[in-house]
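Since the structure comes first, as C-alpha cells, the remarks are kept for the end.
The values are calculated or read from the model by the stated rules, or taken from the named source; none is laboratory data. As the structure is a prediction and not an experimental result, all values here were calculated from the model. Heads up, the Cβs are rebuilt from the backbone with ideal geometry, glycines too, and the neighbour counts pull from every protein chain shown. Note: areas computed on protein heavy atoms with side chains; ligands, DNA, RNA excluded. Shrake-Rupley method; radii C 1.70, N 1.55, O 1.52, S 1.80 Å.
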Amino acid sequence: MSQDPSANPVINLPAVVDLRAVGPLKAELMEQRGKAVTLDGSAVERLGGLGLQLLLSAIKTWQADGHALIFLNVSKAMNEQWLSFGASPTQLVAQDAA
C-alpha cells in the first residue's frame, strides 16, 4: 500500500542527527506514532550512530504498528553515511506498513 507523502505529517530531520538530536527527534516521532509519517532528510549533513539507531527503530516500530514511515528528499550526505554504517539502502526508501 503506497502512501501519498504530502498527506502525512512531516518531520524535518536536523542537519546533524547525533546524540544531541536524538532526544528531541524521538519525542517528535512519538508524538506522531499511530499514523503514517514523512521524514524529510534534505537538511541532513551528518548522521551519527545513535541517530541511525533511532531511525532504524522508528522503521521497525512504524511497521509493527501497521503504518508507513516515508523518507523524502534524503540528502547525499545522509545516504552515504547511512550506507557507511552498513544499513540497507532499501530502508531509506518509503516504508509501507507491513
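If I require 20 Å or longer along the helix axis, counting alpha carbons, and a Kyte-Doolittle average no lower than 0.0, what helices from the chain are left? Use full DSSP H segments. Let's see the in-between values first.
Numbers: long enough: 49-65 (24 Å, 0.56).
Qualifying helices, which must be both long enough and hydrophobic enough, are 49-65.
Would you please state which residues of region 22-49 a label at L56 would reach in this model, taking the label point 7 Å out along Cα→Cβ and a backbone N cut-off of under 15 Å?
47-49
Would you mind putting 74-81, 34-41 in packing order, based on average other-beta-carbon counts within 10 Å, highest first?
Highest-to-lowest ranking by the protection proxy: 34-41, 74-81.
If you roll a 1.4 Å probe over the heavy atoms of the protein chains, what accessible area per residue do you get for the chain, in Å²?
Accessible surface, normalised per residue, equals 53 Å².
If amide hydrogens are placed 1.01 Å from N in the peptide plane, which non-local residues have theirs closer than 5 Å to the one on I70?
V37, T38, L39, Q95
Would you mind telling me which residue in L25, L52, L83 has the biggest mean-square fluctuation in a Gaussian network model of the chain, where springs connect alpha carbons within a distance under 10 angstrom?
Comparing L25, L52, L83 in a Gaussian network model of the chain, the most mobile one is L83.
Specify which residue in the list V17, A43, Q32 is farthest towards the positive end of the charge dipole of region 16-60, using unit charges on the beta carbon of Lys, Arg (+1) and Asp, Glu (-1), about the Cα centre.
Towards the positive end, the residue furthest out is Q32.
Of all accessible surface on region 29-98 at a 1.4 Å probe, what whole percent is carbon and sulfur?
51 percent
Counting only Cα, what are the radius of gyration and maximum Cα-Cα distance Dmax of region 10-98, in Å?
11.7, 31
Mind putting a number on the dipole of the chain about its Cα centre? Charges go on the C-beta only, +1 for Lys and Arg and -1 for Asp and Glu, and I need it in Debye to the nearest 20.
Charge dipole of the chain: 180 debye, to the nearest 20.
Search the structure for amide H atoms under 5 Å from the amide H of N12, placed 1.01 Å from N in the peptide plane, and list their residues when 5 or more places away or on another chain.
D40
Normalising by the residue count of the chain, find the relative contact order in percent from Cα pairs under 8 Å and 6+ residues apart. Display every interim value, and only then the final one.
On the way: 172 pairs, mean separation 30.5, N = 98.
Relative contact order comes out at 31 percent.
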